[in-house]
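Enquirer: Dumping the structure here so I can ask a few things about it.
The values are calculated or read from the model by the stated rules, or taken from the named source; none is laboratory data. In this text, all values refer to a predicted model and were calculated from it rather than measured experimentally. When we count neighbours, we look across all protein chains shown, and the Cβ atoms used for this are built from the backbone with ideal geometry, even at glycine. We work out accessible area using only protein heavy atoms, side chains counted, and drop any ligands, DNA or RNA first. Shrake-Rupley method; radii C 1.70, N 1.55, O 1.52, S 1.80 Å.
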Amino acid sequence: MANEWKIVDDYISDRLIPPADRQGATLEANRASGLPAIDVSAPQGKLLHLLAASIGARRILEIGTLGGYSTIWLARALADGGRVVTIEFDPRHAEVARQNIAREGVAETVDLRVGAALDILPKIETEGGAPFDLAFIDADKANNAAYFGWALKLSRPGSLIIVDNVVRDGAVADPHTTDDGGLGGRKLFDLVAAEPRVMATAIQTVGSKGWDGFLIALVK
Ligand code: SAH
Ligand code: DHB
Ligand code: MG
């Protein structure tokens, strides 16, 4: 990753993201517990927050919690009475997330489910948890197309669906890629391209996490 990208992310954070919003304790707890440092960056977390706030989201679905860093950004954007349902496969990650979510004061508005997303999503549907106003997909990239299908199923017209890591150093545009994320991304783009119920774009990003991107879809 170009060092300038990190310097500029720090510059943006220093000016636009007050220390109280930066979740230093969350990131430190993740590090101390040996979680991989693959949370969204602070500017990206704030983008999720702004998107959720701009649509007045009350119901948010997240697939891939890790230590809850993105979850907390989303929970802090919820309209009154709102809730984030977040799904995490690894119980060790979920335990760290639970502590972070409690420390940051959003335990009341976060419903953390532990298990494989493809097992839990049908349960959420059966429980009547849908529709979600916003879904953020950020788990195992090979399943991105399947997760997008679920997010769409659990949406309503006007919902936003956001998928992280769809560019992966350009792997998405390489027909010979063997990268999980690249392959998962290609399946996702094919699905979205053929899906008449959404309008979508993707934006490449550079920053402290290297070269990647988000896909953003609006349900018609
Ligand atoms: N959204 C987080 C980062 C998530 S990292 C943030 O920005 O802070 C991806 C997470 O997805 C990891 O914690 C991983 O354990 C989890 N994951 C992987 N496979 C999964 C699956 N099948 N179901 C649910 N979560 C999964
Ligand atoms: C990885 C996963 C992510 O969600 C991410 O944003 C960056 C990297 C990974 O599995 O390497
Ligand atoms: Mg990610």
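Enquirer: For a test of the definition: using alpha carbon positions, the gyration tensor, and the 1.5 limit on a/c, classify the range 1-63 as rounded, prolate or oblate. Provide the component values of the computation, followed by the final result.
Expert: Details: a/c = 1.80, a/b = 1.24, b/c = 1.46.
Oblate shape, in that a/c is at least 1.5 and b/c is the bigger or equal ratio.
Enquirer: How big is the gap, in Å, between the Cα center of the range 175-203 and the Cα center of the range 124-158?
Expert: Centre-to-centre distance over Cα atoms comes out at 16 Å.
Enquirer: For the range 8-20, take each phi angle, set θ = phi - 60°, evaluate the Karplus expression 6.51 cos²θ - 1.76 cosθ + 1.60, and give the result in whole Hz per residue in order, putting x for glycine and proline.
Expert: The phi angles translate into 6, 4, 5, 4, 4, 4, 4, 8, 10, 10, x, x, 4 Hz.
Enquirer: What's the local net charge at ILE101, with K and R +1, D and E -1, over the other residues with C-beta under 14 Å away?
Expert: Details: positive: ARG76, ARG83, ARG98, ARG103, ARG113; negative: ASP39, GLU62, GLU88, GLU95, GLU104, GLU108, ASP111.
Value of the local net charge: -2.
Enquirer: Here's another thing I want to ask about it. For the range 200-212, just list the computed ³J(HN,Hα) in residue order, Karplus coefficients 6.51, -1.76 and 1.60, θ = phi - 60°, integers in Hz, with x standing in for Gly and Pro.
Expert: Residue by residue, the range 200-212 yields 8, 8, 9, 10, 6, 10, 10, x, 5, 9, x, 9, 7 Hz.
Enquirer: Multiply the residue separation of VAL8 and SER54 by 0.36 nm, subtract the distance between their alpha-carbon atoms, and state the gained length in nm to one decimal. Mind dumping the intermediate values first?
Expert: Working: separation 46, 0.36 × 46 = 16.56 nm, distance 2.50 nm.
Net length gain for the segment: 14.1 nm.
Enquirer: Per-residue ellipticity at 222 nm for the chain, helices alone: DSSP H runs ≥ 4 residues times -39500 (n - 2.57), over residue total, nearest 500 deg cm²/dmol? Intermediate results must be reported in sequence, preceding the final value.
Expert: On the way: 8 runs with 90 residues, N = 220.
Taken over the chain, the calculation gives -12500 deg cm²/dmol.
Enquirer: OK, next. Work out from phi, with θ = phi - 60° and the Karplus expression 6.51 cos²θ - 1.76 cosθ + 1.60, the ³J(HN,Hα) of each residue of the range 121-131, listed in order in whole Hz, and give x for Gly and Pro.
Expert: Result, ordered by residue: 4, x, 5, 4, 5, 5, 5, x, x, 7, x Hz.
Enquirer: Please report, for the Cα atoms of the range 68-189, the Rg to one decimal and the Dmax as a whole number; what are they, in angstrom?
Expert: Cα radius of gyration and Dmax of the range 68-189 are 15.1, 47 Å respectively.
Enquirer: Carbon and sulfur: what percent of the chain's accessible surface (1.4 Å probe)? Before the final figure, lay out the partial values.
Expert: Values: 5880 of 10300 Å².
Heavy-atom surface of the chain belonging to carbon and sulfur, 1.4 Å probe: 57 percent.
Enquirer: Also, quick follow-up: Roughly how many Å² is the accessible area per residue of the range 12-152, as a whole number, for a 1.4 Å probe? Don't skip to the end; give the middle numbers.
Expert: Working: 5920 Å² over 141 residues.
Result: 42 Å² of accessible area for each residue.
Enquirer: At 25 °C and a viscosity of 0.890 mPa s, what translational diffusion coefficient does Stokes-Einstein give for the range 122-219, taking Rh as the Kirkwood radius over Cα pairs? Give it in µm²/s as a whole number. Walk me through the numbers before you get to the answer.
Expert: Numbers: Rh = 13.6 Å.
D, rounded to a whole number, is 180 µm²/s.
Enquirer: Return the Rg/Rh value of the chain, two decimal places, where both radii are evaluated on C-alpha atoms and Rh is the Kirkwood radius.
Expert: Details: Rg = 16.4 Å, Rh = 17.4 Å.
Across the chain, the Cα-based Rg/Rh ratio is 0.94.
Enquirer: Something else now. For PHE89, what residues show an amide H to amide H distance below 5 Å, using hydrogens built from the backbone and excluding near sequence neighbours?
Expert: So PHE89 has HN proximity to THR65, GLY115.
Enquirer: In nanometres, what is the gap between the two model label sites at ALA116 and ASP179, each 7 Å from Cα along Cα-to-Cβ?
Expert: For the pair ALA116/ASP179, the computed spacing is 2.6 nm.
Enquirer: What whole-number distance in Å separates the alpha-carbon centres of the range 1-44 and the range 88-114?
Expert: Centre-to-centre distance over Cα atoms comes out at 19 Å.
Enquirer: Which entries in LYS123/LYS153; LYS141/LYS187; LYS6/LYS141; LYS153/LYS220 show an alpha-carbon gap greater than 18 Å?
Expert: On the way: LYS123/LYS153 13 Å; LYS141/LYS187 10 Å; LYS6/LYS141 24 Å; LYS153/LYS220 13 Å.
Check vs 18 Å cut-off fails for LYS6/LYS141.
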